[in-house]
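What follows is a short report on a single structure.
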Amino acid sequence: RVTSLGIDGATDLKSWESRVRGFVRLSRADSEGPRLYVVTEHAPVQGRSGGGLFLDDGRLVGVCVGRIERTQA
């Protein structure tokens, strides 16, 4: 389990717990190569970017950088 702390909608400081579903490596057009992303069951809300993702012992394991909607082809 992890806890996400951030500002939903850029107005409300909130935290919520979620489970890690896995990890994925994705390349962005503006980067030099693929980066590792943590995928959680609870998707972030707009405005949460920059918020931390923490383990139960308080260790930071990630920072919210966005939301990706995956679709089946």
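The values are calculated or read from the model by the stated rules, or taken from the named source; none is laboratory data. Not measured: the values here are computed from a predicted model. With ideal geometry, Cβ positions are generated from the backbone for all residues, glycine too; neighbour counts draw on all protein chains shown. Note: areas computed on protein heavy atoms with side chains; ligands, DNA, RNA excluded. Shrake-Rupley method; radii C 1.70, N 1.55, O 1.52, S 1.80 Å.
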Check your understanding: Out of residues 5 or more away from Gly47 or on other chains, whose amide H comes under 5 Å of its own, with H placed 1.01 Å from N in the peptide plane?
Key -> Gly9
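Going by average Cβ density within 10 Å per residue, which order do the peptides 56-64, 26-34 take, highest to lowest? Please report the intermediate quantities before stating the final value.
Values: 56-64: 11.4, 26-34: 8.2.
By packing density, highest mean first, the sequence is 56-64, 26-34.
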Check your understanding: With contacts defined as alpha carbon pairs under 8 Å and 6 or more residues apart, what's the relative contact order of the chain in percent?
Key -> 31 percent
Check your understanding: Can you give the accessible area of Ser49, probe radius 1.4 Å, in Å² rounded to 10?
Key -> 80 Å²
Exercise for review: On the full set of protein chains, 1.4 Å probe, figure out the accessible area of Ile68 and give it in Å² to the nearest 10.
Suggested key: 110 Å²
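Treat every Asp and Glu Cβ in the chain as -1 and every Lys and Arg Cβ as +1, leave all other atoms uncharged, and give the resulting dipole magnitude about the Cα centre to the nearest 20 debye. List each step's numbers first, then the result.
Values: 11 positive and 9 negative charges, 43 e Å.
Dipole about the Cα centre, nearest 20: 200 debye.
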Practice item. Please report, in cubic angstrom per residue, the volume enclosed by the convex hull of the alpha-carbon atoms of the chain. Key: 106 Å³
Point to revise | FRET E, pair Lys14, Leu60, Förster distance 30 Å, beta-carbon r, rounded to 0.05 | key: 0.95
Check your understanding: Once amide H atoms are built 1.01 Å from N in the peptide plane, which residues 5 or more positions from Val39, or in another chain, come under 5 Å H to H?
Key -> Arg21, Gly22, Phe23, Val24
Review point. Can you give the extra length, in nm with one decimal, that the chain gains between Arg67 and Glu41 once fully stretched, where that is 0.36 nm per residue apart less the Cα-Cα distance?
Key: 8.2 nm
Practice item. Would you work out which of Gln46, Gly62, Ser31 lies farthest towards the positive end of the dipole of the chain, given +1 charges on the beta-carbon of Lys and Arg and -1 on that of Asp and Glu, about the Cα centre? Key: Ser31
